[in-house]
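Asker: Dropping the structure in here first, questions after.
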Amino acid sequence: SIIREGALQLDRTEVRLRKIGGPTNSWDRPEQTEDDTPDVTFDDVVWADGVACGTPTNLGSVSWRMKKFWDDFSQAGYWSVVDGRVGCAFASVGGTGGGAELACMTVN
């Protein structure tokens, strides 16, 4: 991933590349579902000094998997543990005006 490569250019940086897993959907492409990247856990987020979150844009918002992960993370009481850490968001979209900026604002 480009984000991972960029982060590794910093001295003394360790990067964990993770994905938010979940059941496949009819719109998932087969090459995406056969990925061997480990699923993210709450412990991964707590471990990190910074987090970069990427999401496909879905109807002008984040994917349901991303929303569920952060909702569950919050309900488990972890927000106070990671408050003040560095984070960034990025999104993919199929065309102009697809809502990627709204998805990024939602993640932030």
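Asker: Identify, please: which residue in segment 81-93 is over 12 Å from the mean Cα position of the chain (by Cα) and more than 10 Å from THR57 (Cβ to Cβ) and is, among those, least open to solvent (accessible area, probe 1.4 Å)?
Answerer: So the residue we want is VAL82.
Asker: In segment 39-63, how many are under 15 Å from LEU102 (Cβ atoms) and open to solvent by 50 Å² or more (accessible area, probe 1.4 Å)?
Answerer: Qualifying residue count, segment 39-63: 3.
Asker: Residue by residue through segment 94-104, note down the ones that are surrounded by 13 or more Cβ atoms within 10 Å (Cβ to Cβ) and over 13 Å from the mean Cα position of the chain (by Cα).
Answerer: Selection gives GLY98, GLY99, ALA100, GLU101, LEU102.
Asker: Could you list, ordered by first residue, the pairs with Cβ atoms under 6 Å in which the first is in segment 34-53 and closer than 16 Å to SER1 by Cα and the second is of a type outside the set (D, E, K, R) and surrounded by 11 or more Cβ atoms within 10 Å (Cβ to Cβ), at least 6 apart or interchain?
Answerer: Pairs that qualify, where the first residue is closer than 16 Å to SER1 by Cα and the partner is of a type outside the set (D, E, K, R) and surrounded by 11 or more Cβ atoms within 10 Å (Cβ to Cβ), are THR37/LEU17; ASP39/GLY21; VAL40/ILE20; VAL51/GLY87; ALA52/ILE3; ALA52/CYS88; CYS53/ALA89; CYS53/VAL107.
The values are calculated or read from the model by the stated rules, or taken from the named source; none is laboratory data. These numbers come from a predicted model, not from an experiment. Using ideal geometry, Cβ is built from the backbone for each residue, glycine included, and neighbour counts are taken over all protein chains shown. Protein only, heavy atoms only, side chains kept; ligands, DNA and RNA dropped before computing areas. Shrake-Rupley method; radii C 1.70, N 1.55, O 1.52, S 1.80 Å.
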